[in-house]
Every structure is written in structure tokens, then in C-alpha cells.
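Presented below is the structure to which this report refers.
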């Protein structure tokens, strides 16, 4: 039997495995104890793929819930296939439940279907097809399952403290056929001291986003006004500005407004496909004409970052 015929023969089983894996909401969470450093659901996802491998006779290893691998073949050298089981939070606006694995019109819908559970399952069944064919491999093929790719890579830091790095490797987590390099990223925290505000509108809070590698879909600011009259003026100014995707809500507490911005979520690698709710909110608050104090942070978001997605205002816009 030809190798591709073996793969096609597993089509139904492969789709079923992917649906079951998508059904595990493997979003990173706090540790729930030994073997679950990223929460119960990620531990479940890792256990699931390793149990699948055990069922079909692969060598499996679980590195304390941080990561694990399935392996087949012989030889001194190892080819690593690096995939990950963690997914970013589901967010809003799904046509089908994000952890259902619903199939419609030949497509499967779910968080992780593309990034990266679909490719992980494809690699698993490709390795099974190799094993079932009886071909003798002169190198070991190892599928390495990470559990913290979307956040801090603690999975790989732990795994490679205990396992040798592969001699060769690739990751089915990008565009076909090949990307031979990838841009890096920096996670920064910017802090500063500001003088308290004497009178005027107080910026009580400004929050938004779920993960640093996801374009924020929602952001909100709570404002405290010195008087009812100034609240009415501020509310009118925000509404009159007419920024799309902005809602202004009066809170039950005296003289407080909540301003909510709604954007469009997108993966951090393609920010141009989203609409950043945080920068949208900062832009909308310009209507209040506030400066100084905590408002400096809003100024920085609006003027220092801006609404573009290429880093132009920060002087880092470049392409290759």
C-alpha cells in the first residue's frame, strides 16, 4: 500500500481525533498541582495525545506536564517535529462553539484547529502511517508537544533541561511550504510615577486584552467626574466624537462613567487583520481633552503607539 493511501485510510479517525482534542479547552491557567503546571485542561490535552501514542505502540514520555513526546524510529540522530497543545482564549463572536470541533462545508471549526492542534494531529497520523508501512528509519522521529507556546515557553525551558535537543527540526505551525526564519517579539512592562491630579476628571482604571500575542477585542476605562454637570459634559463629548465601537455607560456609583471599546481580535502575528480596542479607547478619550497625571499613559498609547500596526510611531517599522 502506498504511503499516501495509508494516510487517506485514516481520514475519518484523524478527524475524530482532532475533534476530541479541540473539545479540550486547553487555555493556560494556574497550576493545579503536580503534573499540571499550566492547569487541568492542558494536562488533559497532553495526556490525551500521549495515550493515543501508547495505543499505537510509540515510545512516549511526559515531562511533568510541561511537555511530552511521541517517538518512532532508530538511529543516533533525531528529527524533531515541534507542535503545541495550548490555545489562546476563545474570545467572542464565534459562529460555532469554540471547543466543539463542528464540521460544516468541509471545514472544522474550533480554537486550535489551525494553531496548532490540527497540525499536531496531522503529524501524529503521518508518523503512524510511517510505522504502519513498516519502513525502517535510520533516524528517530520525535513529535514534541509543548504546552506553553502561546505565553512564555516555560514548557520548552523545562523539557530541554531533561531532554537532548533534536539534531534537526521543524514546526508545522506556519504557512506551507516553508518559512526559514521568524520575527522575534519583546514583552515589555512600562511603569512610571505621576503626580496626583488636583480636581478634574480622574482616570480610575484603564484595562484591556487577554494575552499579549492577541489583538485586544475589548478595553474599558472608568472615569470619575467632580460633579454631575461635568459628567454630563464629558458623556456628551464622548458621544459627539462618534468613534465607532465605543459605548458610554453611567455607573451606579456617583459621577462615574465606564467607556468601553470593542475591536476585532486577531493573532499577534497578523495585527493588521484585527482592530485594537486599547488604542481605539485611547483615541476616543481624546474628546475629554485631559492631560497630566495618569492621563499620560493614555497619551502614550494614543500618540506613542497609535492605531497603525507596523510600529511606525516608535521608529521600528521595517520589512524584509
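The values are calculated or read from the model by the stated rules, or taken from the named source; none is laboratory data. Since we're looking at a predicted model, the values are computed, not measured. Here Cβ is always computed from backbone atoms with ideal geometry, including for glycine, and neighbour counts include all displayed protein chains.
Brief remarks follow.
- Some residue of segment 7-19 being buried (at least 18 other Cβ atoms within 10 Å of the Cβ) and either closer than 15 Å to residue 145 by Cα or not assigned by TED's automatic domain parsing to the domain that holds residue 149 (or both): yes
- Here residue 56 passes the criteria (1) in contact with a helix residue (DSSP H, G or I) (Cβ under 8 Å, 6 or more places away or on another chain); (2) touching a residue at least 40 places away in the same chain (Cβ under 8 Å); (3) farther than 15 Å from residue 125 by Cα except the one numbered (3).
- Leading residue by the ranking (nearest to residue 90 (Cα to Cα)) among those in segment 158-188 that are outside any loop (DSSP other than H, G, I, E, B) and free of Cβ contacts under 8 Å to residues at least 12 places away in the same chain: 160
- Checked against the criteria, residue 96 counts as loosely packed, with under 15 Cβ neighbours inside 10 Å and modelled with pLDDT of 95 or more.
- Across segment 272-294, the number of residues qualifying as touching a strand residue (DSSP E or B) at 6+ places or on another chain (Cβ under 8 Å) and modelled with pLDDT under 90 comes to 3.
- Residue match in segment 245-255 (condition: in a helix (DSSP H, G or I) and under 20 Å from residue 217 (Cα atoms)): no
Rundown of residues vs (1) in contact with a helix residue (DSSP H, G or I) (Cβ under 6 Å, 6 or more places away or on another chain); (2) under 20 Å from residue 173 (Cβ atoms); (3) in contact (Cβ under 8 Å) with a residue 12 or more places away in the chain; (4) not assigned by TED's automatic domain parsing to the domain that holds residue 42, yes/no style:
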site	(1), (2), (3), (4)
64	no, no, yes, no
69	no, yes, yes, no
84	no, yes, yes, no
88	no, yes, yes, no
96	no, no, yes, no
100	no, no, yes, no
114	no, yes, no, no
125	yes, yes, yes, no
129	yes, no, yes, no
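- Of everything in segment 132-144 that is modelled with pLDDT of 95 or more and not in a loop (DSSP other than H, G, I, E, B), the residue that is nearest to the chain's Cα centre (by Cα) is 144.
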